[in-house]
Amino acid sequence: MIMNQSLLSILSPLYNADFFKNPTQEVIQTFERDGILVLENLLSKEALKTLETEADNLKPEAYRSRSEYNLYVLPPDPNFSPKSPRNRLFSTTKGCIADDQIPADSYLRVLYDSPLFREFLSKVLDLPKLYPYADKLSPININYYDEGDSLEWHFDNSDFAITLFIKACEQGVNMNTSPMFAMIATEMRIMNVLGR
């Protein structure tokens, strides 16, 4: 890979600079309506194959973890029973490569560091500016879900997330989103910040 490669060099032919500089009303309305925007075939086949090889090579270094959390990824609420939907525990098991393990010349960095992609996200999310994640481990992660592993239902505790599927799963993948749940989660974060 070449350092300082541009976003446009790793995209599939379906995307160009204009798509990112001037998101269409259809793109923005899709996100506003659905709470998710799927960019099918975003990367070129070559870039995707490079990322798949990179992920396969890094997998032996992955940190294996298991965590339990409730639907809101918040401390239990003593006002509800432990068996209530509010306090029910879910489990996630996975392997993870953290940002500091990802090569400096990775196409994941090209995507993450791209001013063009960041500008696109700002427009779609209707935010004045996006900043890089300050945490040195979290900006870019590669997650591995082997047989028996799972990432169970939860409200994300960040304003937004980008998920890039590098390799198709053999079976069992079901990614669900809901604009209503996204709105509820956003309101809960606001209430949590305000101390209500």
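Rule-based calculations on the coordinates, nothing more; no lab input. The structure displayed is predicted, hence computed values, not measured ones. Neighbour counts run over all protein chains shown; Cβ positions are idealised from the backbone, glycine included.
Convert 25 °C to kelvin, take the viscosity as 0.890 mPa s, use the Kirkwood radius over C-alpha pairs of the range 1-149 as Rh, and evaluate the Stokes-Einstein diffusion coefficient in µm²/s, rounded to a whole number.
135 µm²/s
Roughly speaking, what is the stretch gain from residue 163 to residue 67, that is 0.36 nm per residue apart minus the C-alpha to C-alpha distance, in nm to one decimal?
Length gained between residue 163 and residue 67: 32.6 nm.
Quick one: compute the contact order of the range 89-158, relative version, from alpha carbon pairs under 8 angstrom and 6+ residues apart, as a percent.
58 percent
What's the extension gain from residue 29 to residue 91 if we count 0.36 nm per residue and subtract their Cα-Cα distance?
Full extension from residue 29 to residue 91 adds 19.0 nm.
What's the local net charge at residue 31, with K and R +1, D and E -1, over the other residues with C-beta under 12 Å away?
Around residue 31, the surrounding residues sum to -2.
May I ask you to derive the relative contact order of the range 47-115, considering only C-alpha pairs under 8 Å and at least 6 residues apart, and to give it as an integer percent?
36 percent
How much length, in nm to one decimal, is gained on full extension between residue 135 and residue 119, taken as 0.36 nm per residue of separation minus their Cα-Cα distance?
Separation in residues times 0.36 nm, less the Cα-Cα distance, equals 3.7 nm.
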